[in-house]
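The values are calculated or read from the model by the stated rules, or taken from the named source; none is laboratory data. Because the structure is predicted, anything quoted here is derived from the model rather than measured. Note that each Cβ is placed from the backbone with ideal geometry, even for glycine, and that neighbours are counted across all protein chains shown.
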Amino acid sequence: MKSDVGSGIALYQRATESKGKGKGKGKEGPVARQLIELLALDKAIVTLDALHCQKETLKLITQRGGDFIVGIKGNQSTLYQFVKSRFASHYDSDERVEFTEKNKGHGRTELRAVMQISAGLPKDLQGQWPSVHSLIEVVSERGEKGEIHRDSRWYISSLPLEPEVAAKAIRRHWAIENELHWVLDMTFREDTLSLKDPEGAAQMALFNRIALNVIKQHTRMKDSHAAKRRRAGWSGEFRNELIFG
């Protein structure tokens, strides 16, 4: 799925194979590259989950004029271990730059520190990942009901050392995922759907996202997305207003 962070809408979605072991995970990389080839990425920052930490994908992003921030986990074990060890050995180093933000809401407090350091890859890794210029560690501390929960995530990036820029991009990446899933459930009750046919489920998910995009572009009323969806079902006049403006 391709999303526009500024408007919060899904611009493009394409299904991957879901048959057999792995539920299509191996298919997502090639499909992501097909989507990237359709995009003009000049001055854009592409954020991707660790599943897409693949040499071909990162090369294509930079060829299209974009930058990237990509999660790194055990699927690239050598690079992953290097990233973690580099941050551990430069914990108090002046080379490391940091941006910290604090958020409160829903009865909890979250402190997020985004630390960035030059990649410093050894020659063997640099040859494999030539577009990686910086490494990022995000440490989140959430206080809720008197308990502290700590979480660390790591990323590789083509960006220079600008932790505030990186922090914003990563925050919006997770916001798009979390908000989209929540809104789709609240508006279309997706979590309650039980379609047994995988193709039918994929088509329903696609149409729900198209409908949600249309609803989001309607700003004349302050009703919830779910209320607008219901009203569109009752009123042909309002439905035409949503679709045609």
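Before moving on, here are some points about what is shown:
- Every residue from the stretch 218-231 that is crowded, with 16+ Cβ neighbours inside 10 Å and either among the polar types (S, T, N, Q) or at pLDDT 80 or above (or both): Lys228, Arg231
Conditions (1) surrounded by 20 or more Cβ atoms within 10 Å (Cβ to Cβ); (2) free of Cβ contacts under 8 Å to residues at least 40 places away in the same chain, marked per residue:
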residue	(1), (2)
Ala44	no, yes
Thr47	yes, no
Leu51	no, yes
Lys59	no, no
Thr62	no, no
Phe68	yes, no
Ile72	yes, no
Thr78	no, no
Ser89	no, yes
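- Among all positions in the stretch 121-138, there is no residue which is hydroxyl-bearing (Ser, Thr, Tyr), at pLDDT below 90 and assigned to a strand (DSSP E or B).
- Verdict on Glu164 being assigned to a helix (DSSP H, G or I), at pLDDT below 85 and within 30 Å of Leu135 (Cα to Cα): no
- If only residues of the stretch 91-108 that are in contact with a strand residue (DSSP E or B) (Cβ under 6 Å, 6 or more places away or on another chain) and outside any strand (DSSP E or B) are counted, the one that is modelled with the lowest pLDDT is Glu95.
- Screening Leu35, Leu111 for residues that are at pLDDT below 95, assigned to a strand (DSSP E or B) and either at positive phi or surrounded by fewer than 18 Cβ atoms within 10 Å (Cβ to Cβ) (or both) leaves exactly one candidate, Leu111.
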